[in-house]
Structure formats: C-alpha cells, structure tokens
Amino acid sequence: LAALSWQATNTMFFAFLFIVLPVEITIHGLLHDLGKSVGGTCIGYAMVAPSNSYSPEGDVILLPSNALQEYMSQSTDILNSMQRFFTHHLIETFGCDYSTSGLTLESVESKLKALFERQTSDGPRFDSYVVYYSGHMHPGGDLALSGTASLKLDTLLDWWRETNGDAGSRLILILDTDNAHHWVRQVRKLDGVYIAIQSYQRSKRDDPELGPGVQVGEFTKEWVAYNCSEDVGTNWAAEGRTLKAVYAVSRCWTDFHFHSPSEDDVTQHWDSNFPRMTRPLVRVATWCQGGEVELLCCCDWLFKCMKRKKMLWLPPVVLNTGHGFKLVRTKA
C-alpha cells in the first residue's frame with residue numbers, strides 16, 4: 001500500500017511509514033515464530049497383547065490363574081498410561097485395544113488400515129500417526145499375534161504406503177516388547193518414507209544380581225512419565241539400568257515438515273476476509289513462498305544433506321517430534 005500511495009515530498013508520509021513498517025515486521029516475525037512452534041496434527045492407536053504366555057525362546061506356555069490376574073492388572077495400567085499420554089499431548093485417540101486371547105491378524109490389519117486412512121476434520125491427512133504395541137515379539141523379529149499368526153515390519157509398511165502415498169505424513173512406532181532391535185535396525189535402513197521407532201533393550205537378561213527382571217509395561221510407564229511430567233527427571237544413562245532406551249529414524253526423517261496451507265486454502269481465506277481487489281497480492285505471496293521461485297535451491301539441497309548426515313553420525317540423545325513428546329536413547 002505504501003508503494004501505491006508513495007509521496008516523496010510529504011514528510012508525514014515518511015513519518016507514518018517508519019512507524020508502521022517496524023510494527024508490521026515485528027508482527028510478521030511473531031506470527032512466523034508462532035507458526036513454527038505450534039505442532040502439527042497427530043492421531044494415535046494403542047494395542048496390548050499377551051506377552052507373559054510366551055517363554056524367552058518364543059514357545060507358548062500356560063499361566064496359572066493368579067499370574068493371569070496380575071497380568072490383566074498390568075495391561076490395564078498400560079492402557080491407562082497410553083490414554084494419559086494421548087490426552088496430555090492432544091493426540092486424537094483412535095482407540096486402545098486389549099485382548100487376553102491375543103490379537104488376530106485380520107483385526108490388526110483392519111484396524112491399522114482404518115487408522116492410516118483417517119484424516120482430519122478439515123480434510124487433509126494427519127501429520128503424524130502413532131502406533132503403540134505392547135506384547136510378545138518372536139526372536140526373529142515378528143510381532144506375535146493369536147494362534148500362529150505374526151506381523152512383519154514389511155507388511156506393516158506395505159499397509160502404510162498404500163494409504164499414505166505421497167501425502168508426506170509420518171509413522172511413529174512405540175514398541176514395549178523384547179527383540180524390538182530387529183525392527184530398529186530395519187528402520188535405520190529405510191528411505192523414501194518418514195518413520196521412527198521407540199523401544200528398549202535389556203542390558204542383561206535374568207541376572208540374579210540385578211534383582212527382579214523387567215515387568216510388563218515398565219518401559220511404557222517410565223517413557224510416559226518422562227514425556228508427561230516435567231518434574232520426573234528420568235536418567236536414561238544411569239549405571240545399572242535394566243532397560244536401555246533406543247530409537248531409530250529412517251534416512252529421510254530430517255526432510256519432514258508439517259503440512260502448510262495450499263494455494264487454494266490461502267486464496268479461499270483471502271476471499272472471505274479481504275476485498276476482491278487485493279486478490280493479486282495472493283499471487284505474489286504464494287509465488288514467493290510456494291516454491292515457484294527457488295532462489296536457494298542449491299542451499300536447500302545442501303542443508304538437507306547435512307541434516308541427514310548429522311542424524312546418521314550424531315543422533316541426538318533426545319529427539320523432539322514436534323508434538324510435545326520426545327524420543328530418547330541411552331548413551332552407549
């Protein structure tokens with residue numbers, strides 16, 4: 001507007017220009033910082049399957065009635081912890097399922113596909129999809145389901161790719177189970193998909209000098225408390241810890257950015273709030289910000305490459321997901 005009403009000989013014009021211009025720049029910078037600090041949309045789903053009915057070698061064993069009662073109580077605590085986690089971080093809850101007889105492959109497939117197809121009330125897909133699993137994992141690295149069924153990471157990724165396509169959403173897996181290191185290794189090698197995994201490793205198995213073994217859901221309780229309570233200072237690097245936190249991300253994880261309004265969204269908002277005569281300004285704004293002019297394309301490629309290498313060689317101990325919760329790892 002100042003350019004349209006330029007008055008080179010009017011001192012009052014320059015006086016108001018130098019007053020209004022810094023204020024507008026300050027407001028623009030404030031809104032820009034607020035936009036970057038606000039996290040994206042996120043939806044989560046938790047499922048708990050029996051794990052105490054398996055031996056460390058993966059064989060099915062029978063549990064006495066008192067042990068079954070104790071395990072059901074522990075599973076209820078796990079579900080309560082995950083519901084608290086979803087509520088605390090404003091994550092839309094898709095469901096929290098628990099089955100004493102185990103989860104069938106058909107039910108898991110239908111539930112996860114429905115989760116991956118879920119969209120926000122405004123229409124776009126969620127920025128992040130969180131899947132939590134607590135149960136048994138076979139020594140070979142497959143999730144143990146009811147009967148002889150199992151779920152491989154490749155199968156889960158096929159379901160994810162079918163629904164996500166080129167939308168650019170993230171998948172965050174949280175596994176409270178032994179033998180999750182198989183999935184952690186595979187996730188590190190993935191490319192072309194935004195995926196992260198959070199789990200744990202036992203420092204020593206069944207060592208009598210370290211006291212009782214790891215209880216079901218112990219990692220979930222510590223991780224949720226760490227992410228939901230500011231006064232809980234969990235020391236993941238403390239000596240003698242039975243559980244060591246571990247996470248991994250795909251190679252292109254650092255390229256992710258939260259979904260921004262499209263050109264049509266900006267145009268629709270502008271038409272409903274500003275006069276029609278100012279519509280050419282929308283084209284200028286989207287032309288400069290939407291990527292039609294990439295003046296720093298080489299620098300952008302270089303920054304992406306550097307961030308990938310940094311994540312590969314120097315992964316942070318604490319990784320902020322942008323939704324308020326963090327992925328953590330225990331220093332080696």
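Candidates are the residues of the stretch 221-253 that are aliphatic (A, V, I, L, M) and at pLDDT below 85; the one that is surrounded by the fewest Cβ atoms within 10 Å (Cβ to Cβ) is Ala238. Of the residues Arg125, Arg185, Arg170, the single one that is surrounded by fewer than 16 Cβ atoms within 10 Å (Cβ to Cβ) and basic (Lys, Arg) is Arg185. Scanning the stretch 254-292 for residues that are surrounded by fewer than 12 Cβ atoms within 10 Å (Cβ to Cβ), at pLDDT below 65 and under 27 Å from the mean Cα position of the chain (by Cα) turns up just one, Gly291.
Just one of the numbered conditions (1) modelled with pLDDT under 80; (2) open to solvent by less than 90 Å² (accessible area, probe 1.4 Å); (3) part of a loop (DSSP other than H, G, I, E, B) is not true of Leu103: (1).
For the condition at pLDDT 95 or above and either more than 19 Å from Arg185 (Cα to Cα) or open to solvent by 60 Å² or more (accessible area, probe 1.4 Å) (or both), Ser73 does not qualify. Any residue that is closer than 17 Å to Asp176 by Cα and in contact with a Pro (Cβ under 9 Å, 6 or more places away or on another chain) - is there at least one of those in the stretch 112-134? Checked the stretch 112-134: no residue is closer than 17 Å to Asp176 by Cα and in contact with a Pro (Cβ under 9 Å, 6 or more places away or on another chain). Residue count for the stretch 10-22, restricted to those that are among the β-branched types (Val, Ile, Thr) and open to solvent by 80 Å² or more (accessible area, probe 1.4 Å): 2.
The values are calculated or read from the model by the stated rules, or taken from the named source; none is laboratory data. Small disclaimer: the values here were computed from a predicted structure and weren't measured. Glycine gets a Cβ as well: all are built from the backbone with ideal geometry, and neighbour counts include every protein chain shown. Heavy atoms of the whole protein, side chains included, go into the accessibility calculation; ligands, DNA and RNA do not. Shrake-Rupley method; radii C 1.70, N 1.55, O 1.52, S 1.80 Å.
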